[in-house]
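This report concerns only the one structure given below.
Every read-out reported here was derived from the displayed coordinates using simple, explicitly stated rules and does not represent laboratory data. Remember, it's a predicted structure, so these values are computed and weren't measured experimentally. Cβ placement follows ideal geometry from the backbone for every residue including glycine, while neighbour counts extend to all protein chains displayed.
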Amino acid sequence: MSDPFIHELRVRYGECDPQGIVFNANYLLYLDVAFTELWRDAVGPWQDMTERWGVDAVVAEATLRFRGPARFDDLIALRLHVDKLGTSSIVTVFEVRRDQQLLVEGTLRHVVVDTQGWRPAELPEAVRAGLGRYAG
């Protein structure tokens, strides 16, 4: 298995709820940031995909399992691993950790669509090769 892609974020005050912990929906925002950074590292800027190949990748499914809370000013590490590269989909497994403590885990499934009709499209070979660096 390849090494995961790791992106660190510091929890900001406005991302916390009245209980003082990260509001659950913000984890999807964190994952979007981390996936975009994985993409940038593996493939290049996100806009290149739409401009060069006429496709985009959209979230079709997200599964999150909460194991522990993150709080204001925590430094968290988002660890992403590409679990599957399908014909038109990408499945990413992730963990959110503070130090070694697992806070959230789950999966994201992106579907590649053409930018004209938003119908499923084939994953370009250059994208497949780049993301393969983080695949098992």
- Query: In nm, what is the difference between 0.36 nm times the number of residues separating Leu29 and Thr87 and their Cα-Cα distance?
  - Reply: 18.3 nm
- Near Pro4, within a Cβ-to-Cβ distance under 14 Å, what is the net charge of the other residues, with Lys and Arg +1 and Asp and Glu -1? -4
- Message: Just to confirm the number: angle between the C-alpha axis of helix 26-42 and the first principal axis of the chain, 0 to 90 degrees, nearest 10?
- Response: 40 degrees
- Could you tell me which of Val111, Leu123, Thr92 has its Cα farthest along the dipole of region 5-134 towards the positive end, charges placed at Cβ (Lys, Arg +1; Asp, Glu -1), taken about the Cα centre? Thr92
- Query: Taking the DSSP beta bridges in the chain as the whole, what percent of them are antiparallel, to the nearest 5?
  - Reply: 95 percent
- Message: With +1 on the Cβ of every Lys and Arg and -1 on the Cβ of every Asp and Glu, and nothing else charged, how large is the dipole of the chain about its Cα centre, in debye rounded to the nearest 20?
- Response: 240 debye
- Query: Using 1/(1 + (r/R0)^6) with R0 = 30 angstrom and r between the beta carbons of Arg67 and Gln116, what's the FRET efficiency to the nearest 0.05?
  - Reply: 0.15
- Message: Over the chain, with a Gaussian network built from C-alpha contacts below 10 Å, which listed residue (Arg79, Arg98, Arg67) shows the highest mean-square fluctuation?
- Response: Arg67
- Message: Using a 10 Å cut-off around each Cβ, can you sort Leu28, Leu103 from fewest to most neighbouring Cβ atoms?
- Response: Leu28, Leu103
- Message: Using Cα springs under 10 Å in a Gaussian network model of the chain, which residue among Pro18, Pro120, Pro69 shows the largest mean-square fluctuation?
- Response: Pro18
- In what order do Ser88, Ser2 fall by count of nearby beta-carbon atoms within 10 Å, going from fewest to most? Ser2, Ser88
